[in-house]
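Participant: Okay, handing you the structure first.
The values are calculated or read from the model by the stated rules, or taken from the named source; none is laboratory data. Quick caveat: nothing in here was measured; it's all calculated off a predicted structure. Here the Cβ is made from the backbone with ideal geometry for all residues, glycine too, and neighbour counts use every protein chain on show.
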Amino acid sequence: MADDSLKETGSGKLSFATFLSMFIRSFLIQGSFSQKYRQNTGFLFCINPVGKKLWKNDSDYQEFCHRHLDYYNGNPFMITLVLGAVARLEEQMQQGEGMTGKTISGFKKAVGAATGSVGDRLFWSTLRPLAIIIGILSIYHFGIWGVIPLLVIFNIPNALLRWHWLRHGYELGTNVIGEIKNETIQRAETLIGRLNAILLGFLTIILLRVGSITFAGPTLFTIAVFFISLYFYKRNRSVSFVVLLFLAAIILAAFAIFLLG
């Protein structure tokens, strides 16, 4: 049934090509940025296929463009969730279902701010560090080819979620805020955060090797790194902070070993 909502059934309905165009454009949301209006022009660029499909009259289309040049700021990876919901509201407005331009603008601002908080935690604070840690481990074992797992781990979930959120946002419309508070997303953040803490311990041991000298007590040190990482994670410190902290400790330890050696 979900696919039926994407089929073009009339002049007011959005086609699969329109959704595909928004999906592709969403990767360029930050191609233009304003200190005053933030991602407003990027959002208009992404939603423009909807405007061209729904608003054939020049004055209506100009109002559409003006409406979406208003302030917008949100997480760039969750932009499709907002695009899908706003596309649904634009369609309702075009069909005379009681939706107004003012309502759409206010809704877009509110939902964008909500995605900023959730998206930053999911992508920047958990998924990106996971990709970096696994990428470093892969490079250590496979050389330059280890970059591939880094790119895959971060970009494949990103692309799949973009398409899912675009369709789901369109289906939900104004109820999209429930998707932002989805418990599955919260559980994913917790799981990835714990996985990062475990992998960080192994990464630390590997990076502590200097030539033929290996840091004493690797097993105990791994356990210590694991629990210290969990401590910082539960204190709401980002995984990026923990990674940088232990990289600094590794550099100092390696320097000390070098001097003592």
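Yes/no per residue for (1) modelled with pLDDT under 95; (2) within 27 Å of PHE154 (Cα to Cα):
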site	(1), (2)
SER11	yes, no
MET22	no, yes
GLN30	yes, yes
SER34	yes, yes
GLY42	no, yes
LYS56	yes, no
HIS68	no, no
THR80	no, yes
ARG88	no, no
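The rows are residues; the columns are (1) closer than 20 Å to MET22 by Cβ; (2) of a type in the set (Val, Ile, Thr).
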{"residue": "MET93", "(1), (2)": "yes, no"}
{"residue": "GLY96", "(1), (2)": "no, no"}
{"residue": "THR100", "(1), (2)": "no, yes"}
{"residue": "GLY119", "(1), (2)": "yes, no"}
{"residue": "ASN155", "(1), (2)": "yes, no"}
{"residue": "HIS168", "(1), (2)": "yes, no"}
{"residue": "LEU172", "(1), (2)": "yes, no"}
{"residue": "ASN175", "(1), (2)": "yes, no"}
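Participant: Working carefully through the options ILE156, ILE148, find the one that is touching a helix residue (DSSP H, G or I) at 6+ places or on another chain (Cβ under 9 Å) and of a type outside the set (S, T, N, Q).
Facilitator: Only one candidate qualifies: ILE148.
Participant: With the structure loaded, tell me whether GLY51 is small (Gly, Ala, Ser), under 18 Å from LEU20 (Cα atoms) and assigned to a helix (DSSP H, G or I) or whether it fails that test.
Facilitator: Answer is yes for this residue.
Participant: Here is a further query. Kindly establish whether ARG88 is basic (Lys, Arg) and within 19 Å of the chain's Cα centre (by Cα).
Facilitator: No, not satisfied.
Participant: Return a yes/no flag: does the stretch 140-159 have any residue that is among the aliphatic types (A, V, I, L, M), out of contact with any Asp or Glu (no Cβ under 8 Å at 6 or more places or on another chain), in contact (Cβ under 8 Å) with a residue 40 or more places away in the chain and assigned by TED's automatic domain parsing to the domain that holds PHE43.
Facilitator: No, the conditions are met nowhere in the stretch 140-159.
Participant: Continuing with this model, one more query. Within the stretch 113-139, count every residue that is in contact with a Gly (Cβ under 8 Å, 6 or more places away or on another chain), closer than 14 Å to ILE180 by Cα and without any contact (Cβ under 8 Å) to a residue 60 or more places away in the chain.
Facilitator: Adding up the residues that qualify gives 3.
Participant: I need a count of the residues in the stretch 39-55 that are buried (at least 18 other Cβ atoms within 10 Å of the Cβ) and either more than 22 Å from MET93 (Cα to Cα) or in contact with a Ser or Thr (Cβ under 7 Å, 6 or more places away or on another chain) (or both).
Facilitator: Residues meeting the conditions: 7.
Participant: While we're here: Please go through the stretch 86-104 and pick out each residue that is surrounded by 14 or more Cβ atoms within 10 Å (Cβ to Cβ) and either in contact with a His (Cβ under 9 Å, 6 or more places away or on another chain) or without any contact (Cβ under 8 Å) to a residue 60 or more places away in the chain (or both).
Facilitator: VAL86, GLU90, MET93, MET99, GLY101, THR103, ILE104
Participant: Scan the stretch 160-193 residue by residue and report those that are closer than 17 Å to GLY112 by Cα, at pLDDT 90 or above and exposed (fewer than 13 other Cβ atoms within 10 Å of the Cβ).
Facilitator: Once the filter is applied, which keeps residues that are closer than 17 Å to GLY112 by Cα, at pLDDT 90 or above and exposed (fewer than 13 other Cβ atoms within 10 Å of the Cβ), the stretch 160-193 yields only ASN175.
Participant: With the structure loaded, tell me whether TYR233 is surrounded by 17 or more Cβ atoms within 10 Å (Cβ to Cβ), among the aromatic types (Phe, Trp, Tyr), at pLDDT below 90 and on the phi < 0 side of the Ramachandran plot or whether it fails that test.
Facilitator: yes
Participant: When residues of the stretch 85-120 are filtered for being among the polar types (S, T, N, Q) and part of a loop (DSSP other than H, G, I, E, B), how many remain?
Facilitator: Residues that pass the stated criteria total 2.
Participant: Of the conditions (1) loosely packed, with under 13 Cβ neighbours inside 10 Å; (2) in contact (Cβ under 8 Å) with a residue 24 or more places away in the chain, ILE24 satisfies every one except a single condition; which number is it?
Facilitator: (2)
Participant: Among the numbered criteria (1) in a helix (DSSP H, G or I); (2) at pLDDT 90 or above; (3) farther than 19 Å from VAL242 by Cα, which single criterion is violated by PHE123?
Facilitator: Only one criterion is unmet by PHE123, namely (3).
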